[in-house]
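Have a look at the structure below, then the notes.
The values are calculated or read from the model by the stated rules, or taken from the named source; none is laboratory data. Bear in mind that the values here come from a model prediction, so they are computed numbers and not experimental data. Cβ sites come from the backbone with ideal geometry, for glycine too, and all protein chains shown count toward neighbours.
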Amino acid sequence: MRRITRWHGNKITAKPSAGCKLCALGAKLVLFITGDCDSNCFYCPVAKERRKDIIFANEQEIKSPIEVIQEAKMIFAKGAGITGGDPAITLKRVIEYLSVLKQEFGENFHCHLYTSYSLTKKQLDELITAGLDEIRFHPPRLNLTNEMKKSIEESRKLEWITGIEIPVIPDKEQSIIEIIDFAVDNNLHFINLNEFEITEANFEILNKMNYESKGAASAAVMGSEELAYKVLKRYKKSPIAIHYCTSQYKDKVQLRNRLIRRAKNYSKPFDTILNDGLIARSRIKTKSVQDLHKLQKSIIEDFEVDNHMIEIDAKNCYLFTSWQIVNTLQDSFLEYFKEEIVSIEIIHQYPYDGGFITYLEPLFEKDKI
């Protein structure tokens with residue numbers, strides 16, 4: 001007898017797809033293959049600066065398949081999720097990158113793709129031949145056209161996993177039910193229901209349409225979760241897996257685990273890997289490159305700090321070291337280098353070169369003494 005169960009804080013009526021399992025481990029590379037898309041979904045969450053022909057592997061902009069392989073290795077990836085924009089708008093590029101990933105990591109490297117396009121049989125055949133393991137259709141604006149129905153039916157005939165992934169828009173219950181009924185009737189492998197979210201990209205239009213956040217600290221739209229639970233109960237005996245994916249899950253499970261995997265590979269000896277996958281370090285800024293090298297030399301020779309516990313960014317006149325070293329030696333640094341040091345900070349950042357800083361604690365600023 002089927003029942004609704006909890007999975008990483010989400011709710012599901014059966015086992016999740018292979019792609020979802022790897023995402024939960026943080027083991028899926030997110031390959032944003034292009035920002036181009038002409039579906040014009042009013043709720044599109046993609047940042048406006050990404051809505052162009054640009055490629056990202058996780059949080060890094062890339063230019064070549066070699067770079068996507070490097071990023072996959074950085075997170076010990078076991079697969080890739082190909083997204084956009086809409087990947088189908090640049091199918092030749094999708095096939096190129098997919099083929100390279102399969103060639104480098106083998107057939108067991110699980111790849112899934114999202115699309116809002118009604119792909120032809122020829123296009124579906126090209127994707128499966130290139131090694132795609134799973135395809136997720138997204139009917140634009142929850143409008144499941146006859147053309148897309150035919151595309152999904154063709155996809156289901158192939159030896160891969162076919163599913164549908166849609167946002168749970170509170171006032172679109174009937175459309176959601178029609179889509180799930182179609183999925184059940186055609187024996188698809190799964191339906192993913194994503195909690196509807198407000199982002200910087202769609203805030204203005206969703207606000208005009210009177211969609212509201214369910215809480216001050218949440219991006220989730222009020223009423224989305226309630227509708228998802230209602231739908232799950234309706235289809236709890238469904239022969240296909242229905243998976244409700246919460247807004248919170250994406251940050252606290254998917255992203256967190258992926259960042260932890262990358263931090264283990266990226267972090268320097270002086271970094272502390274935090275529970276959320278960010279790295280904590282201290283950053284000292286000097287007036288000039290000459291001052292930077294002077295500070296580096298003195299810390300190693302006069303304060304007997306191992307050189308592997310220091311790294312410099314000459315372009316920006318930064319010296320990085322552990323926050324514990326700075327906590328211990330800050331007063332001495334300022335005494336010896338009171339003219340050279342501009343600021344001392346503790347930062348938490350994404351585990352990338354120049355990674356986004358989410359927390360900054362100023363310990364010293366020259367213009368504030």
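Being outside the structural domain of Val342 (by TED's automatic domain parsing) and among the polar types (S, T, N, Q): is that true of Asn187 here?
Yes; evaluated as a whole, the condition is true for this residue.
Select, from Ser99, Ser64, Ser151, Ser155, the only residue that is over 23 Å from Ser39 (Cα atoms), touching a residue at least 24 places away in the same chain (Cβ under 8 Å) and of a type in the set (Ser, Thr, Tyr).
Ser99
Given the residues Ser116, Ser99, which is the only one that is crowded, with 19+ Cβ neighbours inside 10 Å and over 16 Å from the mean Cα position of the chain (by Cα)?
Ser116
Keeping to segment 296-326, report how many residues are in contact with a Ser or Thr (Cβ under 6 Å, 6 or more places away or on another chain) and either more than 23 Å from Gln349 (Cα to Cα) or free of Cβ contacts under 8 Å to residues at least 12 places away in the same chain (or both).
0
Looking only at segment 62-86, count how many residues are part of a helix (DSSP H, G or I) and either aliphatic (A, V, I, L, M) or touching a Phe, Trp or Tyr at 6+ places or on another chain (Cβ under 7 Å) (or both).
Here the count works out to 6.
Filter segment 328-349 for residues that are surrounded by fewer than 19 Cβ atoms within 10 Å (Cβ to Cβ) and either more than 22 Å from Val305 (Cβ to Cβ) or over 33 Å from the mean Cα position of the chain (by Cα) (or both) and give the result.
Matches in segment 328-349: Thr328, Leu329, Gln330, Asp331, Ser332, Leu334, Glu335, Tyr336, Phe337, Lys338, Glu339, Val342.
Since Ser218 meets every condition but one in (1) modelled with pLDDT of 95 or more; (2) assigned by TED's automatic domain parsing to the domain that holds Ser175; (3) among the hydroxyl-bearing types (Ser, Thr, Tyr), which condition does it not meet?
That leaves (1) as the condition not met.
Can you go through Lys338, Lys315 and tell me which one is among the basic types (Lys, Arg) and either modelled with pLDDT of 95 or more or closer than 25 Å to Thr358 by Cα (or both)?
Result of the check over Lys338, Lys315: Lys315.
Which of the residues spanning segment 124-140 are buried (at least 18 other Cβ atoms within 10 Å of the Cβ) and over 17 Å from Ala27 (Cβ atoms)?
Within segment 124-140, Leu124, Leu127, Ala130, Gly131, Leu132, Ile135, Arg136, Phe137, His138, Pro139, Pro140 qualify.
Working carefully through the options Leu193, Leu259, Leu227, find the one that is touching a His at 6+ places or on another chain (Cβ under 8 Å), modelled with pLDDT of 95 or more and assigned by TED's automatic domain parsing to the domain that holds Cys20.
Leu193
Just need a number here: residues in segment 153-165 that are buried (at least 22 other Cβ atoms within 10 Å of the Cβ) and of a type in the set (A, V, I, L, M, F, W, C).
Looking only at that region, the number is 1.
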